[in-house]
Amino acid sequence: MEKKYDVLALGELLIDFTMNGESEQGNRLFEACPGGAPCNVLALLNKMGKKTAFLGKVGKDQFGVLLRDTITEAGIDASHLVMDGTVNTTLAFVHTFPDGDRDFSFYRNPGADMMLTAEEVDPEFVKQARIFHFGTLSMTHDGVREATKKAIAAAKENGCLISFDPNLREPLWSSLDVAKEQMEYGFGKCDILKISDNEVQFVSGREDYDEGVAYLQEKYQIPLILLSAGRSGSRAYYKGMRVECPGFTVNTIETTGAGDTFCGSSLNYILEHDFDHLTGDGLKEMLTFANAAAAIVTTKKGAIRAMPQREDVLRLIREQ
């Protein structure tokens, strides 16, 4: 069938409250930044001229309306964004450390994003994508887990490439064993895995990243594994190749959305090339662009509204 969307993502859409100085009274000020990993990925893809759609749920409250308007403005199809009249939009408060690293406090017990049900997933909608992307925040609770699995099944049945970014947020899981179990489910379904350095160590039990990735490749036969290591750069593992690219030096304010920008940039490259015949040089080009785009996002607050244009990314690559 004719594919209407390049990438369709399912998962959380929430408000990231990031610290933004103090008031005259000395109270902390927070900025309401629209976020949630799947839409961060889509927002980057839209900046690259791709057609995207989102499947998820927000509350029928001021934050839900803000999120719907924000993703629509970013060019993401919000026709399957469900508004929940009884449960509020999920909120995350992001505490940023001096080095730009973060700690999260989630207001999600429950939050609207975890109330998506299998009935609200239309397989016909999912079929219209070339790539289906998901994470594990939509796997933390039974109902939304069932919805996620239904969408994955529809995508696989229709030959979509499956992209998975575990995006582990420890406070949201009842136990880390459950988190690991759901990550393993994702590994078993995906063609493209974007995983961070500490997540590889967590799931494989190996300190060495290459060993951890080898364990995943062997056990799950994932065609392409992308390892992101923050400012240290990234690696791609594909058909026996291992390609590594250094990160870019920028004036980092906070790292929210960096991994998602990296992931979206990589998916953008894959959409423009033959996934079954990627080359070493091609992977290097992909990682260089993805690292640069991710670096730019760390120089601004929030993610959906902070996505760079292609020219900005190419300029940073030329400069460094």
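From the list Val82, Val58, the one residue that fits, being surrounded by fewer than 24 Cβ atoms within 10 Å (Cβ to Cβ) and part of a strand (DSSP E or B), is Val82. From the list Leu193, Leu176, Leu161, the one residue that fits, being modelled with pLDDT of 95 or more, surrounded by fewer than 17 Cβ atoms within 10 Å (Cβ to Cβ) and either within 15 Å of the chain's Cα centre (by Cα) or of a type outside the set (Ser, Thr, Tyr) (or both), is Leu176. One residue stands out among those in the range 175-210 that are in contact (Cβ under 8 Å) with a residue 12 or more places away in the chain and among the hydroxyl-bearing types (Ser, Thr, Tyr): the one that is nearest to Gly233 (Cα to Cα), which is Ser196.
Entry remark, the range 212-245: residues being farther than 17 Å from Thr261 by Cα and of a type outside the set (Asp, Glu) number 19 in total.
Going by what's in this entry, would Ile71 be described as buried (at least 23 other Cβ atoms within 10 Å of the Cβ), part of a strand (DSSP E or B) and among the β-branched types (Val, Ile, Thr)? Judged against the criteria, Ile71 is not a match. The condition (being acidic (Asp, Glu) and under 27 Å from Phe54 (Cα atoms)) is satisfied by just one residue among Glu244, Glu170: Glu170. Taken over the range 50-67, residues that are under 18 Å from the mean Cα position of the chain (by Cα) and without any contact (Cβ under 8 Å) to a residue 24 or more places away in the chain amount to 0. With respect to the stated conditions, Asp260 is at pLDDT 95 or above, acidic (Asp, Glu) and closer than 16 Å to Pro38 by Cβ.
The set of residues in the range 140-163 that are small (Gly, Ala, Ser), out of contact with any Leu (no Cβ under 8 Å at 6 or more places or on another chain) and over 18 Å from Phe54 (Cβ atoms) comprises Ala153, Gly159. Listed by position, the helices (runs of 4 or more DSSP H) enclosed by the range 128-237 that each have at least 2 residues that are among the polar types (S, T, N, Q) and closer than 27 Å to Ala294 by Cα are 197-204. Quick one: is Asn40 part of a helix (DSSP H, G or I) and surrounded by 16 or more Cβ atoms within 10 Å (Cβ to Cβ)? Against the criterion (part of a helix (DSSP H, G or I) and surrounded by 16 or more Cβ atoms within 10 Å (Cβ to Cβ)), Asn40 qualifies. Val87 meets the conditions (1) surrounded by 16 or more Cβ atoms within 10 Å (Cβ to Cβ); (2) touching a residue at least 60 places away in the same chain (Cβ under 8 Å); (3) over 17 Å from Leu10 (Cα atoms) in every case but one. The failed one is (2).
Here Leu66 meets the list (1) out of contact with any helix residue (DSSP H, G or I) (no Cβ under 8 Å at 6 or more places or on another chain); (2) modelled with pLDDT under 95; (3) not charged (D, E, K, R) almost entirely, failing just condition (2).
Restricting attention to the range 222-243, the residues being surrounded by fewer than 18 Cβ atoms within 10 Å (Cβ to Cβ), aliphatic (A, V, I, L, M) and farther than 18 Å from Thr298 by Cα number 1.
Could you look through the range 106-135, keep only residues that are closer than 30 Å to Leu29 by Cα and out of contact with any Leu (no Cβ under 9 Å at 6 or more places or on another chain), and pick out the one that is surrounded by the most Cβ atoms within 10 Å (Cβ to Cβ)? Only one residue tops the list, namely Met115. Just one of the listed residues (Glu272, Glu244, Glu311, Glu285) is at pLDDT 95 or above, more than 23 Å from Asp16 (Cβ to Cβ) and touching a Lys or Arg at 6+ places or on another chain (Cβ under 6 Å), and it is Glu244.
Residues in the range 269-308 that are outside any helix (DSSP H, G or I) and of a type in the set (S, T, N, Q) were compared, and the one that is surrounded by the most Cβ atoms within 10 Å (Cβ to Cβ) is Thr298.
The values are calculated or read from the model by the stated rules, or taken from the named source; none is laboratory data. Please read these numbers as outputs of a predicted model, since none were measured by experiment. In this analysis, Cβ positions are derived from the backbone assuming ideal geometry, glycine residues included, and neighbour counts consider all displayed protein chains.
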